[in-house]
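Reviewing the structure listed below.
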Ligand code: DP6
């Protein structure tokens, strides 16, 4: 006799990607970060996920996984593996059958990592199913529920835990701030200007990365500079919290660029060393620096674990940035591709 009464049902969520300003790079234990990180939640780059669930009679947990309308058995296997690792918190997963369909707003070959949006969408769906099966009300207005979603997303992909909050999120223990290693929290006391930020993702390369983020985190274990890097990140989280409070867009941009380069510096001094930036990345960084010093416009860049430039600026300079970007940066992008994103309001229910 099953402990759970499982009816058939459907849940569906849209969840955004995020860009870290202070980066998570290095982890331990069960997906616990070595340092705190702070991110902007995006909006245009997102995953839509629909899950039909019901009682399992025979067969496997993830019956079907469709990505952009095409069956992807390899993705189904990955999600089955992930769900089997979290039956300690969702015991009903052993009794359920899931049929999942998912889609990204950004093309698969855009060089954009989809793990933050997809794993946070999956976590939202799983926690809502959990609430339905246990007959408990579900609302994103409840911080405890958000923390459970964030914690579940973290187990799928560390950066995903920050995607569940609007605007800005903080994740990872910090001596001077109320934070947690197991889930992210919304970052409070942030000047309004940061809610207006644009992130134009300039596609320098759409090739698959040569070293995955998961492998990159692993290489931090023997990186001789790891301890100094973790301390640097903690110090930058303190500095950034203050910058965000004050609304200092210049200090914000300078810190974002320094962090992006520290992240890639860690890759270059791993054993074996590796390089994820491309000549086009460096060329674009130089163009951003030249434009900034000549115009005084507060436009800066960040990078995630790849070659693409995230162009960061407040909306008050959007018009002037757009004409320069389209004239100077767009020709440097693969097929002129730029994903124009902006700070967003977090996940959205689809059904
Ligand atoms: C450079 O979250 O993709 O984007 O936890 O192994 O899934 P896993 O790694 P992932 O790493 C993200 C690294 C980063 C920085 C960041 O988002 O903080």
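Laboratory data are not the source of any read-out in this text; all were calculated from the coordinates shown. The structure displayed is predicted, hence computed values, not measured ones. Methodologically, a virtual Cβ is constructed for each residue, glycine included, from the backbone with ideal geometry; neighbour enumeration extends over all protein chains shown.
Helix-derived [θ] at 222 nm for the chain: sum -39500 (n - 2.57) over DSSP H runs of at least 4, divide by residue count, nearest 500? Don't skip to the answer; put the middle values down first.
Numbers: 8 runs with 118 residues, N = 351.
Helices in the chain give a 222 nm mean residue ellipticity of -11000 deg cm²/dmol.
What is the extension gain from residue 340 to residue 3, computed as 0.36 nm multiplied by their sequence separation minus the C-alpha to C-alpha distance, in nm to one decimal? Mind dumping the intermediate values first?
Numbers: separation 337, 0.36 × 337 = 121.32 nm, distance 4.75 nm.
Net length gain for the segment: 116.6 nm.
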Can you tell which of 299, 320, 164 shows the greatest fluctuation in a Gaussian network model of the chain with Cα springs below 10 Å?
320
Relative contact order, percent, the chain [alpha-carbon distance under 8 Å, six or more residues apart]
24 percent
Listing 243, 309, 38 from the residue with the fewest other Cβ atoms within 10 Å to the one with the most, what is the order?
243, 309, 38
Between residue 351 and residue 188, 0.36 nm times their residue separation minus their Cα-Cα distance comes to what?
55.7 nm
Helix 143-156 versus the longest principal axis of the chain: what is the Cα-based angle in degrees, 0 to 90, to the nearest 10?
80 degrees
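Just want the ordering: 281, 70, 47, 315, from fewest to most Cβ atoms lying within 10 Å of their own Cβ.
Working: 281 23, 70 7, 47 27, 315 14.
Listed from fewest to most nearby Cβ atoms, that is 70, 315, 281, 47.
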With springs connecting C-alpha atoms under 10 Å apart, model the chain as a Gaussian network and identify which of 287, 256, 241 has the largest mean-square fluctuation.
287
In Å and from the alpha-carbon atoms only, list the Rg and Dmax of region 223-351.
16.3, 49
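Once you sort the root eigenvalues of the Cα gyration tensor of region 1-108 as a ≥ b ≥ c, which label holds: rounded (a/c under 1.5), prolate (a/b larger than b/c) or oblate (the other case)? Kindly include the intermediate steps, with their values, before the conclusion.
On the way: a/c = 2.25, a/b = 1.45, b/c = 1.55.
Verdict is oblate for region 1-108.
Out of every Cα pair in region 271-340, what percent are spaced more than 14 Å from each other? Before the final figure, lay out the partial values.
On the way: 1472 of 2415 pairs.
Result: 61 percent of Cα pairs exceed 14 Å.
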Evaluate E = 1/(1 + (r/R0)^6) for residue 78 and residue 294, where r is the Cβ-Cβ distance and R0 equals 41 Å; express this FRET efficiency to the nearest 0.05.
0.30
Which of these, 90, 65, 194, has the largest mean-square fluctuation under a Gaussian network model of the chain (Cα springs below 10 Å)?
90
If we restrict to alpha carbons, what Rg and Dmax does the chain come to, in Å?
20.3, 73
Rounded to whole Å, give me the distance from the Cα center of region 106-136 to that of region 259-314.
29 Å
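If the chain between residue 196 and residue 320 were fully stretched, how many nm would it gain, using 0.36 nm times the residue separation less the Cα-Cα distance?
On the way: separation 124, 0.36 × 124 = 44.64 nm, distance 1.53 nm.
Length difference between fully extended and current span is 43.1 nm.
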Measure off 7 Å from each Cα along the Cα-to-Cβ vector at residue 283 and residue 28, then give the distance between these two points in nanometres to one decimal.
4.3 nm
Roughly what would the spin-label model give for residue 142 and residue 60, points 7 Å off Cα along C-beta, in nm?
3.3 nm
Counting only C-alpha contacts under 8 Å and six or more residues apart, can you give the relative contact order of region 231-346 as a whole percent?
21 percent
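Can you pull the percent of Cα pairs in region 173-256 with separation above 19 Å? Walk me through the numbers on the way to the answer.
Numbers: 2050 of 3486 pairs.
Distances greater than 19 Å cover 59 percent of the Cα pairs.
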Relative to the longest principal axis of the C-alpha atoms of the chain, give the angle of the C-alpha long axis of helix 279-295, reported between 0 and 90° and rounded to the nearest 10°.
60 degrees
Fewest-first ranking of 183, 191, using other Cβ atoms within 10 Å as the exposure measure:
191, 183
Any idea what angle helix 226-246 forms with the longest principal axis of the chain, computed on alpha-carbon atoms, 0 to 90 degrees, nearest 10?
80 degrees
